[in-house]
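One structure is given below, encoded as structure tokens.
Just so you know, all these numbers are worked out from the coordinates, no wet-lab data involved. Keep in mind it's a predicted model, so treat the numbers as computed, not measured. All Cβ positions, even for glycine, are placed from backbone atoms using ideal geometry, and neighbour counts span all protein chains on display.
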């Protein structure tokens, strides 16, 4: 009996014992790893029975090998884990803490280097890890600069080499070296791969499939506690900086440096869905294409086994109260009608003093002046619309053009170095170029169809199809800005002009994108909700850009009124939209600021409500 009790005691002790794990970082202690420090210091790991030992990086460590040999249970790596996976390493990515790679090139402001092409024949300080600097090499290759066109200097990790002119450019983290340069009062320029269409993940938390299989609950608990730590870290940057400053300051940084680092990294961390750690399969495929073009990878990887099964969060369904929106819109419209009649009465009151002949003459003069103004506004509106279209085309073309450029550089490099290319290699390269060219051709066709639409004819069109076309035109702009678009559209037909409808909504789309980008909100969403009934269609468009100030709301539909800098806006976009909806479609449009909940987050932004009559059920 005593032996039985002893066995039960030992079993219960083992079941409730704290599990020790090792987390291997890929650099020295700094805000880059704040979420793990917070989870440790705030007790998030302890709450789930985990005791974590956090180890700093040294040059003798190969991260995937450390995991493979069991010297660490979890580690922090980069997008190059895809190459390790291809090479047979057992790696599983739990989550990407940084959605944008902070690695970039920094140069002195007085170096006469103003573009990537100026780096040709220059000395660039890089690490000897070709996989780790792939985003830098891809960026250079997209501008026609190959490895033979630059002098690569081994990285000394000493910024003074750049300041004193020993090198012309240095591979750096956007959250580190620029802060040091600013504190020293030295001007600088940066070249970031994301600005050239190369969006790599960074700071990927990973482990092995073998470890997950043996420790499924431990893995899930560690991942969730770590994400909880990161959420706290970015929501409480000052408090987190103090934790690092007191307990993890092995680099002897100042508290201000940690705070600045945190503010910069926060802008790189959140996905389009407003979450931390999200891994997107399509984006990983794009990264793999770059690795293959650079010759760092020769085959594909099973992304299903690469991404952790609990990486993608479950999404919540959100519905709007259309009764409330309709009543608000109704009273806003009544107010606008009363205000309009009041202004018309005051405006025309002075004309009653004129004789009938003078009145006719005044009307004729006013009509001529209005026609001149309308022609001018029409011309400017067409130019503004063309400008918006060209901007959208540029967004959609950047990534395909970069891939084509990289493939042609690969062929040119092979010829210059005397390397033989097999037919299989050539077919793969030409096939990829052909696929990207077809994409570019289809983009031209999409925009040509838009511009060739008959703006005078009234023909029935499907509301869902029109919004789908509009989303296709703006897809890459939303993707590149990391804005998630949420669409819910009823199936109905409008007896109106589809091209004008798209132009009217396009102005609202572009304003929303600009507002979200400028205010740098962490949760980036744009909602399109269209509801049809027997009387017409009600279209609600809203964003998470923080809203519009009250003064601007009152003037937003006036011609030439804009809240943007004169270089970014003409002030005609919303005036055109108002004219199309009210004049061409005999509908209504109103705007207000809305605060709402989505996916557990409180969002605020501008909300446009459009009503269009003459609707037929499909």
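Quick notes
- Computed over segment 156-207, the convex hull of the alpha-carbon atoms projects to a mean area of 5.0 nm².
- FRET efficiency estimate (nearest 0.05) - Cβ-Cβ, residue 534 to residue 109, R0 60 angstrom: 0.40
- Calculated FRET efficiency, residue 601 to residue 224, Cβ-Cβ distance, R0 = 25 Å: about 0.90 to the nearest 0.05.
- Rh (Kirkwood; distinct C-alpha pairs) - segment 206-248, Å: 12.0 Å
- Segment 527-542 and segment 460-481: distance between their alpha carbon centers, rounded to Å: 16 Å
- Rg then Dmax, both in Å and based on the Cα atoms of segment 103-196: 12.1, 35.
- Note: relative contact order over segment 133-290, using C-alpha pairs below 8 Å and six or more positions apart, is 24 percent.
- Three-way shape call for segment 143-256 based on the alpha-carbon gyration tensor, with the a/c threshold at 1.5: oblate
- Nitroxide proxy distance, nm - points 7 Å out along Cα→Cβ at residue 62 and residue 430: 3.8 nm
- Peptides 538-548, 179-189, ordered by how many other C-beta atoms sit within 10 Å of their residues on average, highest first, read 538-548, 179-189.
- Modelled FRET efficiency - R0 56 Å, residue 127 with residue 554, Cβ distances, 0.05 increments: 0.50
- Highest mean first, the peptides 275-288, 494-507, 98-111, 152-165 sorted by other C-beta atoms within 10 Å per residue fall in the order 494-507, 98-111, 275-288, 152-165.
- Distance between the C-alpha centres of segment 213-279 and segment 54-120: 17 Å, rounded to the whole angstrom.
- In terms of the mean number of neighbouring beta-carbon atoms within 10 Å, the peptides 69-79, 115-125 order highest first as 69-79, 115-125.
- Largest first, the extents of the alpha carbon coordinates of segment 34-162 on the three principal axes equal 56, 34, 26 Å.
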